[in-house]
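Only the coordinates and a few stated rules stand behind these numbers; no lab work does. Treat the numbers as computed from the prediction; the structure is a model and nothing was measured.
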Amino acid sequence: MTTILVVDDSPVDRKLVGTLLEHRFPWKIEYAATGTEALAKMKLVLPDLVVTDLTMPEMDGLELVRAVRQHYSEVPVILMTAYGTDTLALEALELGAASYVPKSQLAARLPETADSILRIAEQNQERERLLQRLERIEFDFVLENEPELIQPLVSLVQQTLAGMQFTDFAGRLQMGVSLKEAVLNALFHGNLQITRDEIAAVSDRLLGEDEVSLVDQRRAQPEFRDRKIYVHVEIDRRQARFVVRDDGPGFDVARYAATTGAPPELEEHRGFSLMRTFMDEVHFNPQGNEVTLIKRREKQEAEKTA
């Protein structure tokens, strides 16, 4: 059974997070009040995922992320952030956290984020053995506006990266998260032109099963239904390069380029923040409907696998 370790010094918040996850998925929830207690529990039973508050006494979320990546690099960590902790959240992502969820949006985002991270983290050991012999791979996908195809695409890339021993587990997880954010942006904001306000208004049924969802409504309309998502992937012993393009009208690239070097407001531009934090280079074409993500292998790793 999948085990989630929830770490928060607030008993009320710990229970809230555990309840949110238990109500959505058949997971076993374990709890810890501090980072120190969390590490002690991980020595006994390794969880599949850690969900931790960022601001805690004794050992804060930054220190916990650093310790988990050092000692349990195969276990992903999701941060819960409060108002005013944007800079610290970015620092934690750079240290190896898989993602973050603002505490103001736990109900809307945490279950889906946790499920997504767990899916990305799954590894196929037999394929890894074969892929370890792979020197270079390049492939292209042309996707319909079908959200259910995004996770399999990300999983395929994750398996390829793992097989080629491209960086460590946490690094590969971050690359998968970045690619998924790019494809989701191409689907929602690019091809279907769904605004953030529209997503917030129907966050509980954006991809609903019991009724015609917002995605289904939009992609059935003549002006949107024939649009495609184009994904190009190149991976070799030096770097990984992902190019994601959509058929939408694009956006004002200059508006986002102006924020380079300074952390943008995370809750407003979460996907862009993740991509910029996790990847070495992020470039948009002038029209704003294509993004290129580049992650370079560390020099020592490249020499080792050459």
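Residue by residue, the stretch 283-293 carries 3J(HN,Hα) couplings of 10, 10, 6, x, 6, x, 10, 8, 10, 10, 10 Hz when phi is fed to the Karplus relation 6.51 cos²θ - 1.76 cosθ + 1.60 (θ = phi - 60°); x denotes Gly or Pro. The gain in end-to-end length when the Gln221 to Asn285 segment is fully stretched comes to 20.4 nm, 0.36 nm per residue minus the alpha carbon separation.
Classify the stretch 50-102 from the C-alpha gyration tensor, please: rounded if a/c falls under 1.5, else prolate or oblate depending on whether a/b exceeds b/c. Since a/c reaches 1.5 and a/b is larger than b/c, the shape of the stretch 50-102 is classed as prolate.
At 25 °C and 0.890 mPa s, grab the translational diffusion coefficient of the stretch 1-156 from Stokes-Einstein with a Kirkwood Rh over Cα pairs, rounded to a whole number in µm² per second. Translational diffusion coefficient: 147 µm²/s.
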